[in-house]
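The values are calculated or read from the model by the stated rules, or taken from the named source; none is laboratory data. The structure presented is a predicted model; accordingly, all values stated were derived computationally and were not measured. Cβ placement follows ideal geometry from the backbone for every residue including glycine, while neighbour counts extend to all protein chains displayed.
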Amino acid sequence: MLNSLLTGIGKIISKSASLFNLGNGSTWPGHIALNINPQFIKQILSKSDIKIILVAGTNGKTTTSSLISNALKQNRKTIIRNKSGANLLNGIASTLISYSDGAGKIKKDFAIFEVDENTIPQILAQITPDYLLLLNLFRDQLDRYGEINTIAENWKSSLQRLTSSTTLILNADDPLIANLGQKLKAKIKYFSCNDLSIDNYKNPTNQASDSGYCPNCGEKLNYKRIIFSHLGDWLCPKCNLKKPKPDIDNFSFYPLSGVYNKYNTHAAVLTLKQNGLTDKKIEESFKTFKPAFGRQEEIFYKGKKIQVFLSKNPTSFNQSFQTIKDMKAVTILIILNDRIPDGRDISWIWDVDLKGIENFKNIYLSGDRVYDMALRLKYELGIKDYELKVKVNDELKKAIDDSVQTLNNKETLFILPTYSAMLDARKILTGKKIL
Amino acid sequence: MNKKPSTKNQELIIGWLYPELMSTYGDSGNIMVLLKRCQWRGINVKIINIDQKSKTQDLKSIDLLFAGGAQDKEQSIVIKYLKKHETEIRKLIEREVPALFVCGAPQLFGKYYEPSVGKRIEGLGIFDMTSIHPGPKKERLIGNIVADVNWQNLYPKNQELRTKSYMVGFENHGGRTCLGPTAVPFAKVLKGYGNNGEDKTEGVVYKNAIGTYFHGPLLSKNPEIADFLIAKALFIKYSKEIELKKLDNTLEQKARQMIARRLGIKL
């Protein structure tokens, strides 16, 4: 009874928020509902017959969720999802409010929720998922998240409550994630990446590596192969903990470029197969897949093609950068912000690998911390090349217009923005705000 | 007046202490800044990483010492290695070889550090200071910071070399440091927390060794500190005052101003 009232009120708030353009109406209703009834999420879900898929990890949540959602929809399943970025308890509660009927029930087949790293323990206290995907843990915003070891420890203790009704989908190549599968009652499936074209072993400095140490005994790990950062074929020389045998390490079709998206694809395929989809059905759905906003999304602006590669932390930046180098990028625009969703500390730009940036023709820079990025490039390129190639503009619209102007009709502008910078850039490029 | 000798054909050896264990965010940026600012002036640079396998002999030739931040878990491991080379490190510092210890590193060069969990770590005692982490529940000191560098202490004898500049950077630390009676602060906090969030002191200086809670690539925005370290290293190595070629710091100043403006400080 209480919950029907809360969903009713929530829907009204949500409507009026969007009607009067009060900004982020997507988390308010959930926030209020949880304040009045902390058990709100648990109670709504226990009434509904819905399969729940939770997706967590530093990088790849939105893309993996989109891949799964797209495939399920094409196979006539009904889905609810939280908005990307609304991935705390209040965002999930709000999603439940907007989809529940008068009796406080949700009549859909699947709920796919992206979950913030720090919110996993709270969420698992409320939700018993059918599938829990743990993609990876990279360094991201030390000022907000703290050390990745701490996150992994918190995850580990909250996973103890899961039973065999939950299937964990874990990254075998990430030692911290793989190790979470030990001694649990939940079912475990592992994904990996068997891309023989990549071997960073001989060039390990090419990495923003963060957890090359054994999650069990603390010894430095040996790698037979490194795919990127600390992901690869790992083995502890002391306690013999090693990469578990994967249930999937390749697939017939990849909808997005970049090896990081192979991991996302494998995680999605593994989840979809558990739900009875065949490889053929999955591949068909991938062929019509449109990337989520800012994740390799293509936008046409003033008749020129732009592709946006969200680059929100060292690993995500390195992967975006590697991918656009492979795509023979000539003109790039890097936008560095330091707002709360980006992380206020921008020191990480000194950890990224910019090798090969000297081969770009035009490098445009913008964002709240444009001069910090300019300094990073001055030291990378040297003064002469810096002056030749780098153009700094703290006004984003102007930076975008200038960089687009230099393109010929065949060229693409590649934008590498932090999170809030991606939202700003998208607003300029499409004229719409997303969140 | 004799013209001061140029920096051609000179070489500096930068010793980087335990880069694998002492690296949080962007610490390597400091090494890059030092390296490039030397190279742009024709000074050759060799960087040696001091790690678990290094012998005391390896430390002897170091002209400039650097250590980045370590997380609490790594602090207790690092101190064991540092203690092995304690005598040699102390000799370098006493010989006025310049050093920069950032973020959590200075805690290990003070008298002791009490982490939030685990045992008290006895430091090398080079700086007269003590550091205590008040526990995981107490809030960390995080944010942009602007401080007024105590240049008089860094260049006590040479009026000409004195420069006025504010330091701008980022801090993120749980530990609180209190300076002892003989310690000299590195800078005065204008905005931010500094050593303990209370007494406005930031960092510590002993001879030419600087300890600071500024973390990550602090030298990138504060080239005067980088140039101080380089100039001192050359002076100690070649026993003569060497004038560094001036480099253009316009971008650095703009990057600092962006933060200072936000914090309501005019540079």
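Points to keep in mind about this one:
- Among the candidates B:Gly123, B:Gly143, B:Gly104, B:Gly110, residue that is touching a Lys or Arg at 6+ places or on another chain (Cβ under 9 Å), under 18 Å from B:Val205 (Cα atoms) and not hydrophobic (A, V, I, L, M, F, W, C): B:Gly123
- For the stretch A:227-243, residues that are part of a loop (DSSP other than H, G, I, E, B) and over 15 Å from A:Leu135 (Cα atoms) total 6.
- Condition met for A:Lys238 (of a type outside the set (A, V, I, L, M, F, W, C) and assigned by TED's automatic domain parsing to the domain that holds A:Pro314): no
- Scanning the stretch A:120-147 for residues that are out of contact with any Lys or Arg (no Cβ under 6 Å at 6 or more places or on another chain), at pLDDT below 90 and not basic (Lys, Arg) turns up A:Phe138, A:Asp140, A:Gln141, A:Leu142, A:Tyr145, A:Gly146, A:Glu147.
- Total residues in the stretch A:214-238, condition over 18 Å from A:Phe191 (Cα atoms) and touching a Leu at 6+ places or on another chain (Cβ under 6 Å): 5
- B:Glu171 in contact (Cβ under 8 Å) with a residue 40 or more places away in the chain, within 14 Å of chain A (Cβ to nearest Cβ) and crowded, with 23+ Cβ neighbours inside 10 Å: yes
- Checking the stretch A:199-206 against the condition returns no match, with no residue being at pLDDT 95 or above and either closer than 22 Å to A:Ile148 by Cβ or buried (at least 20 other Cβ atoms within 10 Å of the Cβ) (or both).
- Residue satisfying all of: in the stretch A:267-281; crowded, with 21+ Cβ neighbours inside 10 Å and touching a Ser or Thr at 6+ places or on another chain (Cβ under 7 Å); nearest to A:Phe191 (Cα to Cα) among these: A:Ala267
- Flag if A:Arg76 is in a loop (DSSP other than H, G, I, E, B), of a type in the set (Lys, Arg) and crowded, with 21+ Cβ neighbours inside 10 Å: no
- All positions within the stretch B:45-79 that are within 14 Å of another protein chain (Cβ to nearest Cβ) and either within 19 Å of B:Ala209 (Cβ to Cβ) or of a type in the set (D, E, K, R) (or both): B:Ile47, B:Asp51, B:Lys53, B:Phe66, B:Gly68, B:Gly69, B:Ala70, B:Asp72, B:Lys73, B:Glu74, B:Gln75, B:Val78
- Filtering the stretch A:293-318 to residues that are small (Gly, Ala, Ser) and more than 25 Å from A:Trp348 (Cα to Cα) leaves only A:Gly303.
- Test for B:Ala231: is it within 17 Å of the chain's Cα centre (by Cα), of a type in the set (A, V, I, L, M), away from every other protein chain (no Cβ under 14 Å) and assigned to a helix (DSSP H, G or I): yes
- Subset tally (residues that are in a helix (DSSP H, G or I) and surrounded by 24 or more Cβ atoms within 10 Å (Cβ to Cβ)) for the stretch A:44-60: 1
- Filter result for the condition that a residue is away from chain B (no Cβ under 14 Å), outside any strand (DSSP E or B), under 28 Å from A:Ile148 (Cβ atoms) and under 21 Å from the mean Cα position of the chain (by Cα), over A:Ile324, A:Ile334: A:Ile324
- Restricting the search to helices (runs of 4 or more DSSP H) fully inside the stretch B:59-172 and requiring at least 2 residues that are farther than 17 Å from B:Asn222 by Cβ and within 19 Å of the chain's Cα centre (by Cα) gives B:72-84, B:86-94, B:105-109.
- Taken over the stretch B:144-173, the criterion of being modelled with pLDDT of 90 or more and not hydrophobic (A, V, I, L, M, F, W, C) is satisfied by B:Asn144, B:Asp148, B:Gly169, B:Glu171, B:Asn172, B:His173.
- Tallying residues that are aliphatic (A, V, I, L, M) and out of contact with any strand residue (DSSP E or B) (no Cβ under 8 Å at 6 or more places or on another chain) within the stretch A:52-69 yields 1.
- Residue check for A:Asp338: touching a helix residue (DSSP H, G or I) at 6+ places or on another chain (Cβ under 9 Å) and either in the same structural domain as A:Thr418 (by TED's automatic domain parsing) or within 22 Å of B:Asp27 (Cα to Cα) (or both): yes
- Only one entry in B:Leu263, B:Leu247, B:Leu251 is touching a Lys or Arg at 6+ places or on another chain (Cβ under 7 Å), more than 10 Å from chain A (Cβ to nearest Cβ) and hydrophobic (A, V, I, L, M, F, W, C), namely B:Leu263.
- Reported count of residues in the stretch B:201-228, each being assigned to a loop (DSSP other than H, G, I, E, B) and more than 14 Å from chain A (Cβ to nearest Cβ), is 3.
- Filter pass, B:Glu252 being within 19 Å of the chain's Cα centre (by Cα), at pLDDT below 95 and either on the phi > 0 side of the Ramachandran plot or of a type in the set (Asp, Glu) (or both): no
- The condition (being within 30 Å of A:Tyr386 (Cα to Cα), surrounded by 19 or more Cβ atoms within 10 Å (Cβ to Cβ) and free of Cβ contacts under 8 Å to residues at least 40 places away in the same chain) is satisfied by just one residue among B:Leu218, B:Leu251, B:Leu229, B:Leu234: B:Leu251.
- The stretch B:32-60 residues that are closer than 24 Å to B:Tyr81 by Cβ, paired with ones that are in a loop (DSSP other than H, G, I, E, B) (beta carbon under 7 Å, 6 or more apart): B:Asn49/B:Pro19; B:Ile50/B:Tyr18; B:Asp51/B:Tyr18; B:Asp51/B:Glu20; B:Thr56/B:His85; B:Leu59/B:His85
- For B:Gly42: the one exception among (1) within 14 Å of chain A (Cβ to nearest Cβ); (2) assigned to a helix (DSSP H, G or I); (3) in contact with a Ser or Thr (Cβ under 6 Å, 6 or more places away or on another chain); (4) surrounded by fewer than 18 Cβ atoms within 10 Å (Cβ to Cβ): (2)
- Of all residues making up the stretch A:340-391, the number that are more than 12 Å from chain B (Cβ to nearest Cβ), more than 21 Å from A:Ser316 (Cα to Cα) and part of a loop (DSSP other than H, G, I, E, B): 1
- Test result for A:Arg426, among the basic types (Lys, Arg), in contact (Cβ under 8 Å) with a residue 12 or more places away in the chain and over 21 Å from A:Ser84 (Cβ atoms): no
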